[in-house]
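A short write-up of the structure that comes next.
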Amino acid sequence: MVHHLDFTTHIRLAWHALSDGWHALRNDGWHALRNEGRGQQSERSNAAGRGDESQAGRVDVVDLHAHRLAALGVPPLFPSDNFPTPPRTDRTLVTLKTIQPGSAASLSPKSQLTILGDVERVVGSGFRDRLDACGHPELRRTTLQTLQINVGKVCNQTCSHCHVDAGPTRRESMSAATATAVLDFLGRSRVTSLDITGGAPEMNPNFKRLVAESRALGKRVIDRCNLTILLANGFTDLPQFLANHAVEIVASLPCYLEENCDAQRGNGVFKKSIEAIRGLNRLGYGRPDSPLQLNLVYNPVGLGLPPNQAELETEYREQLLERYGIRFNRLFTITNMPVSRFLEDLLRRGKFEAYLQHLAASFNPATIEDLMCRSLLSIDWQGYLFDCDFNQMLDLPTLVDGQRRHISEIDDGEFESLPIATGNHCFGCTAGCGSGCGGSLT
Ligand code: SF4
Ligand code: SF4
């Protein structure tokens, strides 16, 4: 069944093309496809290590996955997709010259904004025009509910889609003084939730203090965890610590199949992620008889939008239990944002404009009411205010009275009705069913 290129095999190869080895399709062969993927993985110097992989069973597994996701309405596959690829602009060509394959993100926030702004020629109108056309001349804040802090860019992984451009060589990390300013704000604020992200937020030296003191203030605490950190030397006490403080864990697992997950997050990450979830399940996380919450995050391995969240959650639940005996509470589907490393991947592949066109064509006004930036405030590792983590990476600050502000000098009430800084990257949050840190919006 697997030794000739029948129709099913072509579908399987097309699914794998969603990962970094897409152009190996031209070679019309499985081994060429695998080798291409491996080459690009090694360029990324994944610090999560390499797992022993067996060829056995791989082909049938991927075939099953492609069919099931197709049944769930996953958009057409890349590169044999129906996103027309417009001719590259001069600006894109110039940009491509500046990007070294396998390098850390080389585009400044200003360059990213220029590129995102320039795409309006292709998309037809920008995000602000689309908002205006549906009766929202400006996006404005409502009541502040969640404080999200990005404690830095240090991470034990180097994922291909990372909008933070995080990795083991980054040094940006929240200081003890800024962590104290965050806790002081929580003490005088009515926000109900502290959402801690990074990088791998657990690698910040202030992580445990932030968790323990926020919980003591009665706040719900969310840890955006990459799972592999829970097995890393020096961090193996974390699962028990998180359980002791009833921290909600939101963990990335972009596929229930090893091949697809590792293509995005690095070789060996999937096996470690499953091992980490098993450990969390033993502590009560994700179990129906326990209050400890373990929510997983799916984001597309390729260039489509996420499928229906509820249906994919059912699929994940069945597959993860059947294959690995693991459990979780909720699945959040999140769209890949055209920011930082993912933006550069799009540019390298000549797919940036096609992807933005696809997002813009899928603009859904019904998502606007629930956009996360309306009720969330995002703090960078230095303590400055942004409307969301994506705006942080683009250096689009939240302005109060026209000024950039620090967490140490603000109060809750100052944010009600403040305008939100938007741009064409916001098409990523409003496409299809919408996307936010809690998954689908509609
Ligand atoms: S996506 Fe998450 S785990 Fe991957 S490099 Fe970025 S911060 Fe680290
Ligand atoms: S990227 Fe999304 S969350 Fe951020 S400001 Fe735009 S719409 Fe809001």
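Side notes on the structure shown:
- Within the range 225-273, the residues that satisfy the criterion of being touching a residue at least 40 places away in the same chain (Cβ under 8 Å) and polar (S, T, N, Q) are N226, T228, Q240, S252, N260, Q264, N267, S273.
- Taking the range 309-358 as the range and being modelled with pLDDT of 95 or more, in a loop (DSSP other than H, G, I, E, B) and away from ligand 1 (no atom under 16 Å from the Cβ) as the test, the residues that pass are G325, I326, R327, F328, N329, R330.
- Just one of the listed residues (T430, T442) is over 27 Å from K153 (Cα atoms), away from ligand 1 (no atom under 16 Å from the Cβ) and touching a helix residue (DSSP H, G or I) at 6+ places or on another chain (Cβ under 6 Å), namely T442.
- Flag not set for R68, criterion: touching a Ser or Thr at 6+ places or on another chain (Cβ under 8 Å), part of a helix (DSSP H, G or I) and either more than 16 Å from ligand 1 (Cβ to nearest atom) or modelled with pLDDT of 50 or more (or both).
- You will find that of S214, S193, S189, the residue that is small (G, A, S), more than 16 Å from ligand 1 (Cβ to nearest atom) and crowded, with 22+ Cβ neighbours inside 10 Å is S214 and no other.
- One residue stands out in the range 405-420 among those that are closer than 10 Å to R141 by Cα and not in a helix (DSSP H, G or I): the one that is modelled with the highest pLDDT, namely I420.
- Looking across the range 317-328, the residues that are under 21 Å from the mean Cα position of the chain (by Cα) and crowded, with 20+ Cβ neighbours inside 10 Å come down to L320, F328.
- Test: residue in the range 88-103 that is modelled with pLDDT of 50 or more and closer than 30 Å to P201 by Cα: no
- Failed criterion for P137 (all others in (1) surrounded by fewer than 21 Cβ atoms within 10 Å (Cβ to Cβ); (2) in a loop (DSSP other than H, G, I, E, B); (3) away from ligand 2 (no atom under 16 Å from the Cβ) hold): (3)
- Pick from the range 244-263, criterion within 14 Å of F328 (Cβ to Cβ) and away from ligand 1 (no atom under 16 Å from the Cβ), ranking: surrounded by the fewest Cβ atoms within 10 Å (Cβ to Cβ): E248
- Of everything in the range 359-369 that is surrounded by fewer than 24 Cβ atoms within 10 Å (Cβ to Cβ) and not in a loop (DSSP other than H, G, I, E, B), the residue that is farthest from ligand 2 (Cβ to nearest atom) is A361.
- The number of residues in the range 263-286 being in a helix (DSSP H, G or I), within 18 Å of the chain's Cα centre (by Cα) and of a type outside the set (D, E, K, R) comes to 5.
The values are calculated or read from the model by the stated rules, or taken from the named source; none is laboratory data. This is a predicted model, so every value here is computed, not measured. No Cβ is skipped: glycine too gets one built from the backbone with ideal geometry, and neighbour counts run over all protein chains shown.
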